[in-house]
1. Of all residues being in contact with a helix residue (DSSP H, G or I) (Cβ under 9 Å, 6 or more places away or on another chain) and in a loop (DSSP other than H, G, I, E, B) in the range 98-119, which is surrounded by the fewest Cβ atoms within 10 Å (Cβ to Cβ)? Just the residue, please.
2. Taking the range 208-217 as the region of interest, how many residues are over 10 Å from the mean Cα position of the chain (by Cα) and free of Cβ contacts under 8 Å to residues at least 40 places away in the same chain?
3. Looking at (1) in contact (Cβ under 8 Å) with a residue 40 or more places away in the chain; (2) within 25 Å of residue 78 (Cβ to Cβ); (3) in a helix (DSSP H, G or I); (4) out of contact with any strand residue (DSSP E or B) (no Cβ under 8 Å at 6 or more places or on another chain), which one does residue 183 not meet, given that it meets all the others?
4. Of (1) closer than 26 Å to residue 192 by Cα; (2) more than 27 Å from the chain's Cα centre (by Cα); (3) not in a loop (DSSP other than H, G, I, E, B), residue 157 satisfies all except one. Which?
5. Of all residues in the range 49-97, how many are outside any helix (DSSP H, G or I), more than 33 Å from the chain's Cα centre (by Cα) and surrounded by fewer than 16 Cβ atoms within 10 Å (Cβ to Cβ)?
6. Can you tell me which residue in the range 296-324 is surrounded by the fewest Cβ atoms within 10 Å (Cβ to Cβ), limited to those that are within 46 Å of the chain's Cα centre (by Cα) and modelled with pLDDT under 85?
7. Report, by residue number, each residue of the range 181-192 that is within 16 Å of residue 398 (Cβ to Cβ) and in contact with a helix residue (DSSP H, G or I) (Cβ under 8 Å, 6 or more places away or on another chain).
8. Among the residues of the range 193-205, count how many are out of contact with any helix residue (DSSP H, G or I) (no Cβ under 9 Å at 6 or more places or on another chain) and either assigned to a helix (DSSP H, G or I) or surrounded by 12 or more Cβ atoms within 10 Å (Cβ to Cβ) (or both).
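The values are calculated or read from the model by the stated rules, or taken from the named source; none is laboratory data. Predicted model, so just to flag it, every value in this text is computed and none were measured. Note that we place each Cβ from the backbone using ideal geometry, even for glycine, and neighbour counts take in every protein chain shown.
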């Protein structure tokens, strides 16, 4: 290049942006570091599948204009050593074992032989590294702004994209995960975005936002927020866990398939909680339909009292859609024509609230404590305490610590290999919630309420896991005439309803 042109460029470098040429076009260089020694040539490929944008209103403008979806190509000037130290992705890509790294080494050697310092020359002369970023993980237009912020952060600068919102933070975390720069981004989050006001997720319509928060809190190791958010998703349920295979395309972004086994773990925990709550009414229905007398007052009206309470129990549960009365069928349970009741897909706290509405009807004034209500309320209080203390996923100093206390990762004995699993969900997203080992939970051994401890007490957290991962339960504080029968029954799981259900 002519030295006069170079001098003119250097004199105006403070006011005029650097320009590079590629495929017959001129592109303005985004200087992450004006002393950078390599150029990242990044193509951001967008498709009609994109449903978000940065800024948020850009997607609406693009659709209104009915023009083509933009797929920008951006050139970033960066420091090679900074990339390699901050990112294992770039450390491997720009190493001598890959063509990209070998080309950079060769180009720098050639500049050295010409006595040119890569940090001082024009961007046009620097080696280039081509990267293609597709829209699959985020379905967001405008990722080039967030990628620029990612590069600024690992170079020690501040982000420039404003205003900051939940989607832009999520895209930043997803990109940091892809390019293996999460440790630096996590520290930046904890310093810069610690007071960011995350949107409230108060109903099922906000599930996507809730999932984005879970992904952010997990990758940036915000353990308390992560535990609270995972508990919220477990209690509320997910549209993905009950979706059909035809709607799988609606759940393609990174937050709809939480990483490191979290997606299956959350679905498993919800299934375990529902299965446990279902066993409560199952046990009392079984007791009241058995030959054993439940009313222990010894009156002539004791037998009618049992029948009365059974009728009221069934009437209440059917009215609240918590019990289905299905007659015998000609079809096998394995047959597609077999009629299954619909699975419960609502909020678990709502479910507990429905059960708490159980009336205290009595056959006469002498049977004041014979009904279901007096028996079930203490149980529901304990279940609720365990939900608050132990349902959310926790980790310690590192996000991977949650695996040590996972509910779904259990060793399977050889004798258990032939057991039929119990599934929730459909298709490849099915989650086996069969408890191995026949673990038994006995509510009769639970101490009084005052000793349960606070919501953060480790004892009740472990007790919650023991209760929710059990296979058999006893919810009766005082044993009836047939004590042994209580310990051998009541392991009926909450069956997944609908077509494609498995047993």
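1. 117
2. Number of matching residues: 1.
3. (1)
4. Failed condition: (3).
5. Summing the residues that are outside any helix (DSSP H, G or I), more than 33 Å from the chain's Cα centre (by Cα) and surrounded by fewer than 16 Cβ atoms within 10 Å (Cβ to Cβ) in the range 49-97 gives 6.
6. Looking only at the range 296-324, we keep the residues that are within 46 Å of the chain's Cα centre (by Cα), and these are 306-324.
Among the residues that remain, those that are also modelled with pLDDT under 85 are: 306-309.
Details: 306: 20, 307: 12, 308: 20, 309: 22.
Result: 307.
7. Quick first cut of the range 181-192, residues within 16 Å of residue 398 (Cβ to Cβ) only: 182-187, 189-190.
Within the range 181-192, 182, 184, 185, 186, 189 meet the criteria.
8. The number of residues fulfilling the criteria is 1.
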